[in-house]
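Notes follow once the structure below has been shown.
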Amino acid sequence: MADHLEFGAGLTKADYDQPFRDTFLGQAHIAGTGPAGATCRECKFWRVMGRDGPAIPGHYSRTNKDKAGQLKKAKCIFPIPHKANRMFPHSAKACRMFEQSETVPPLNAPQKRDTQ
């Protein structure tokens, strides 16, 4: 499970702090402050990181039997100094830094077609 923002034991829960509880470490801003219904998967800053920087979106799990064919976690590459360097799931609610991606990866890996 990805890490959420931490709250101390002395704090009480209130309805208005739900966006903070929905925010993952590594997001550029508070979850849910972006377009209604949008997720990080649809943002141009959500990327799986390769050895040389951001990789092409759409990396899927192959070996995890529970999540085979599903999108892997990725990082937000929006340039903010001292932002947490963490990966989080594609289903995270979009933040106010959201910019629509031209190439939104599908939720599940594309099925390979038989050529016979």
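What net charge do the residues around residue 105 carry, taking every other residue with its C-beta under 13 Å from that of residue 105, with Lys and Arg at +1 and Asp and Glu at -1?
Values: positive: 41, 44, 47, 72, 73; negative: 42, 102.
Cβ neighbours under 13 Å give a net charge of +3.
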Residues with amide H under 5 Å from that of residue 39, placed H, sequence gap 5 or more: 94
³J(HN,Hα), Karplus 6.51/-1.76/1.60, whole Hz, each residue of the stretch 102-109, x for Gly, Pro: 7, 10, 7, x, x, 4, 10, 4
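Determine the order of 21, 47 by accessible area, beginning with the largest, at a probe radius of 1.4 Å. List each step's numbers first, then the result.
Working: 21 65, 47 40 Å².
In descending accessible area the options line up as 21, 47.
If DNA, RNA and ligands are ignored and the probe is 1.4 Å, what is the ranking of 25, 107 by accessible area, most exposed first? If you can, show how the numbers build up before the last one.
Numbers: 25 40, 107 85 Å².
The ranking, largest first, comes out as 107, 25.
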Computed lengthening from residue 25 to residue 70, 0.36 nm per intervening residue step minus Cα-Cα distance: 14.1 nm
Per-residue HN-Hα couplings for the stretch 90-98 [Karplus 6.51, -1.76, 1.60; θ = phi - 60°; Hz; x = Gly/Pro]: 5, 7, 4, 5, 5, 9, 6, 8, 4
Cβ-defined net charge surrounding residue 77, 10 Å radius [Lys, Arg +1; Asp, Glu -1]: +4
Simple spin-label estimate for residue 4 and residue 83 in nanometres, 7 Å along Cα-Cβ: 2.1
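The values are calculated or read from the model by the stated rules, or taken from the named source; none is laboratory data. Keep in mind that this is a model prediction, so the values were computed, not measured. When we count neighbours, we look across all protein chains shown, and the Cβ atoms used for this are built from the backbone with ideal geometry, even at glycine. Please note that ligands, DNA and RNA were not included when accessible areas were found on the heavy atoms of the full protein model with its side chains. Shrake-Rupley method; radii C 1.70, N 1.55, O 1.52, S 1.80 Å.
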